[in-house]
Amino acid sequence: MTEASAEVGAGGGSLALQGLALTLPPNALSAPLGVAMASQPAGPDEIARFRLAPAGQRLGLPTELRFARAGLPAKTSFFWDVGGELRLVPSTLSGDVLTARIGSLGLTAPGNLLVAGGAAPTARAKAKKKKKLAIPP
């Protein structure tokens with residue numbers, strides 16, 4: 001497991017690890033906060049798996065989450081993994097870069113969506129039809 005962390009304040013900041021990049025714009029956080037990401041072993045049908053922390057941290061502004069890797073399949077998507085239940089994160093694949101605008105670093109412990117208009121839960125069987133990056137809280 002590999003990790004990256006940074007103290008991010010109101011001025012914004014970024015983290016990157018193994019193709020995953022999180023870019024927090026100015027005012028995404030109202031106070032300095034230690035933000036971290038860690039790679040984890042990918043499960044079956046997963047391209048990669050990462051953990052963002054602090055899990056469930058709300059962000060004051062939409063924040064860009066990007067994953068870049070050569071040869072990403074056409075149906076690659078981000079998913080939050082909440083206790084084995086996958087929840088689709090609306091994302092866009094352009095070439096070899098998957099991008100999403102997120103309003104939090106994952107979901108709350110019971111799996112509540114934090115972004116108004118967020119995606120509804122998806123069944124694991126449906127989710128397995130897509131290549132994915134699972135990001136557990």
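Throughout, read-outs are computed from the coordinates displayed, never taken from laboratory work. This one's a predicted model, so the numbers in the text were calculated from it and none came from an experiment. For neighbour counting, all protein chains shown are included, and Cβ atoms are generated from backbone atoms with ideal geometry for every residue, glycine included.
Counting only the backbone N, which residues of segment 6-32 are under 14 Å from the spot 7 Å out from the Cα of VAL97 toward its beta-carbon? Under cut-off, by backbone N: 19-23.
Computed over neighbours whose Cβ is under 10 Å from that of ALA36, the net charge equals 0, Lys and Arg +1, Asp and Glu -1. Placing a label point 7 Å from the Cα of ARG69 along the Cα-to-Cβ line, the residues of segment 37-56 whose backbone N sits under 20 Å from it are 37-53.
From most to least packed by mean Cβ count within 10 Å, the peptides 14-23, 65-74 give 14-23, 65-74. Placing a label point 7 Å from the Cα of ASN27 along the Cα-to-Cβ direction, the residues of segment 53-69 with a backbone N closer than 13 Å are 60-62.
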